[in-house]
Amino acid sequence: MTLPSPNFGERRGGLRPELIVIHYTAMRSCAEARARLCDPVAEVSAHWLIAEDGRAEQLVDEAARAWHAGAGAWRGQGDVNSRSIGIELANTGDAPFPEPQMAALEALLPGIMARWSIGPEGVIAHSDMAPDRKADPGPRFDWRRLALQGLAVWPEAGPQLPPDAQVFTALAQAFGYPDVPPSQLLQAFRLRFRPRHDGPLDGADMAMVAALAALYGDDGDQWRAC
């Protein structure tokens, strides 16, 4: 089957998809975004594009390396393009995600996760793996809705913990976040898990990140006493 975007290559080093990265297009229309994702001059692409009305179109074969993630890392490893499936949601970046679009995403994700044996912890934001340069899918995206269906993760936080930037950084990196300045790390974490909160690091941030590290970190046992 020939798919519309020519912007792809082979996954490097025998890597297979272990992540699904959610994006917004930040363009005025889905048609404009599709044109760019299929333009060989632009050198960007994604595996899937979902329109505001719920139409989902595959642009690149899932076995191929699409060019959607760019520089960044997750769980200590770079070349996220070789390790992921990219899904673009047609959205300007400052608008709600319509119900038909969210429903289409929820219909698409289980198949991708099953085909590539990706767990809910492997469904991440573009801003998660590139906190220093990306904000998508942004504060209006409903991650908890996905988590309630087993399509992403959401922390069931315990009691609040004393704010400690060093411990927060260690816990966030244990969960998967890359090594970036603490202010960028906190901003990315809140975009995903506390989009209506601002101000300095607090006890709720600490409790949530500790819960994530305990469940999904490289060595969760060490964080269960936090």
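The values are calculated or read from the model by the stated rules, or taken from the named source; none is laboratory data. For clarity, every value in this text was computed on a predicted model and none was experimentally measured. Cβ: placed from backbone, ideal geometry, glycine included. Neighbour counts: every protein chain shown. The area values use the complete protein model at the heavy-atom level, side chains included, leaving out ligands, DNA and RNA. Shrake-Rupley method; radii C 1.70, N 1.55, O 1.52, S 1.80 Å.
Structure notes:
- Of everything in region 175-218 that is farther than 20 Å from residue 134 by Cα and acidic (Asp, Glu), the residue that is least open to solvent (accessible area, probe 1.4 Å) is 205.
- Among residues of region 71-98 that are within 18 Å of residue 7 (Cβ to Cβ), those with a beta-carbon under 6 Å from a residue that is of a type in the set (Asp, Glu) at least six positions away or on a different chain give the pairs 83/18; 85/62; 90/52.
- Test: residue in region 52-69 that is among the hydrophobic types (A, V, I, L, M, F, W, C) and under 29 Å from residue 211 (Cα atoms): yes
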